[in-house]
Amino acid sequence: VRAGVVAGFLVGGAWILLFVVSFQAVPLEAGFDAGSHRDYIRGFAEGSGLPVATDGFSMYHPPLFYALAAIAGGLAESSGLSAGFGWKLIPLASGLGLAALGWVLARSIFPRRPGIQVASAIFSGFLPMNLVVAAYVSNEGLNAFLSAAALVVAVDLLLRERVSIGRLAAFSVFVGLALLTKFTALLVA
């Protein structure tokens, strides 16, 4: 348990540092389709509702990330921060959540091996792709987190002799939310 707590603080502290550095170093305009992501979020924030695919590049994506980012941006602005600060919180939380899911998955598969559990959390927390995606305003991180959560619940279901309705519901909710974030979640579904 102590090693898990230390690993949690290590990964969490590193992610907070990542957020501080990336918020300043990686501009909101950076990224292949960053402008489209920002336009989608702004449309929600301004009350324009759901866009249609012909409204612009990336407007075909499902709305969950953009709605959450608009809410987070509004909360950030009402606290005296920039909307971009709130927008970047979603990828940060998603990346940190992926590290936690790595630990949860390892606990399910290796319940009596705390060293493997800690290594899994650290590996998940410092996976280069996870670090990069978390620095940009994009639906990728949230999709990865929700899809991974669905897979972790699926592994848990497969490891049990009996399947409960609650666990099946949790799997369904995570798959559904992932599908509301990005179409690539169809692979998980």
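In segment 150-166, which residues are more than 17 Å from Pro111 (Cβ to Cβ) and under 21 Å from the mean Cα position of the chain (by Cα)?
The answer is Ala150, Leu151, Ala154.
Could you identify the single residue in Gly86, Gly56 that is open to solvent by less than 40 Å² (accessible area, probe 1.4 Å), over 16 Å from the mean Cα position of the chain (by Cα) and under 19 Å from Glu140 (Cβ atoms)? Before the answer, list the steps.
On the way: Gly86 fails: over 16 Å from the mean Cα position of the chain (by Cα).
Testing whether each residue is open to solvent by less than 40 Å² (accessible area, probe 1.4 Å), over 16 Å from the mean Cα position of the chain (by Cα) and under 19 Å from Glu140 (Cβ atoms) leaves just Gly56.
Among the listed residues Leu158, Leu98, Leu127, Leu151, which satisfies the condition of being touching a helix residue (DSSP H, G or I) at 6+ places or on another chain (Cβ under 7 Å), of a type in the set (A, V, I, L, M) and open to solvent by 20 Å² or more (accessible area, probe 1.4 Å)? Talk me through it step by step, then tell me what you get.
Values: Leu158 fails: touching a helix residue (DSSP H, G or I) at 6+ places or on another chain (Cβ under 7 Å); Leu127 fails: touching a helix residue (DSSP H, G or I) at 6+ places or on another chain (Cβ under 7 Å); Leu151 fails: touching a helix residue (DSSP H, G or I) at 6+ places or on another chain (Cβ under 7 Å).
Of the residues listed, the single one that is touching a helix residue (DSSP H, G or I) at 6+ places or on another chain (Cβ under 7 Å), of a type in the set (A, V, I, L, M) and open to solvent by 20 Å² or more (accessible area, probe 1.4 Å) is Leu98.
The residues of segment 132-144 that are open to solvent by 50 Å² or more (accessible area, probe 1.4 Å) and in contact with a helix residue (DSSP H, G or I) (Cβ under 8 Å, 6 or more places away or on another chain), listed by number, are Tyr136, Glu140. Scan segment 1-41 for residues that are free of Cβ contacts under 8 Å to residues at least 24 places away in the same chain and surrounded by 14 or more Cβ atoms within 10 Å (Cβ to Cβ) and the total you get is 3.
The values are calculated or read from the model by the stated rules, or taken from the named source; none is laboratory data. Bear in mind that the values here come from a model prediction, so they are computed numbers and not experimental data. Please note: Cβ atoms are built from the backbone with ideal geometry, for glycine as well, and neighbour counts cover all protein chains shown. Please note that ligands, DNA and RNA were not included when accessible areas were found on the heavy atoms of the full protein model with its side chains. Shrake-Rupley method; radii C 1.70, N 1.55, O 1.52, S 1.80 Å.
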